[in-house]
């Protein structure tokens, strides 16, 4: 399989910690190997063992997905800085899946030019929105979550990768002005190109404008 990006990461549970590597296509595939077991899924909170459930107590699964662990990974995240062009920030991601704390939450930390911004929320959308709102004036994230051609379904979205891309129907999607009606998101939803991860980026990126689409501007 080609077109995969590699993210350095770490897996931690009650038995210890190990460095791992995540591979992702930026859309609906994430995979890694932990203690010799291959995992795949469309989101970090939905990684299932490819060969069936591993024996306890080596790894813990819940409903077939990796559980009771801390997943960490780091990826580059481009940002546009007014007057300075594009720069590359580092985004550290830590997903607590009922370990070490008995809760499920995501902590994102953006590092750029010696500064750090962190946010803890259940999903990428909310955490990245908080971080983007705290950036200095003239600094904007350059990723699918802030793109003019992306939107979420009104029914809600999961922790990550529930972001629909409309890059192949730009002229139609730019008419979207809310939830219902002739130009509501329900009209255009079946025309979506596919789903992408919030931190993905393609060559057709454009910054999102205020009051655009169903979800509005970003941040």
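Quick note: the coordinates plus some simple rules give every number you see, no bench work behind them. Given the structure is predicted, the values throughout are model-derived calculations rather than measurements. Neighbour counts run over all protein chains shown; Cβ positions are idealised from the backbone, glycine included.
Listing for the model above:
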| quantity | calculated |
| --- | --- |
| Overall form of region 5-69 per C-alpha gyration tensor (a/c, 1.5; a/b vs b/c) | oblate |
| Förster radius 22 Å - calculated FRET efficiency between residue 130 and residue 63, Cβ distance, rounded to 0.05 | 0.15 |
| Residues 33, 199 arranged by fewest to most Cβ contacts within 10 Å | 33, 199 |
| Residue-span extension gain [residue 171 to residue 209] - 0.36 nm each, minus C-alpha spacing | 12.2 nm |
| Prolate/oblate/rounded label for region 41-114 (Cα gyration tensor, a/c 1.5) | prolate |
| Packing-based order for 162-169, 24-31, using average beta carbon neighbours within 10 Å, highest first | 162-169, 24-31 |
| Simple label model, 7 Å out from Cα along Cβ direction - residue 88 to residue 186, nm | 4.4 nm |
| Efficiency of FRET between residue 33 and residue 5 - r from beta-carbon atoms, R0 22 angstrom, step 0.05 | 0.85 |
| Whether region 98-158 is rounded, prolate or oblate, judged on the alpha carbon gyration tensor where a/c under 1.5 counts as rounded | oblate |
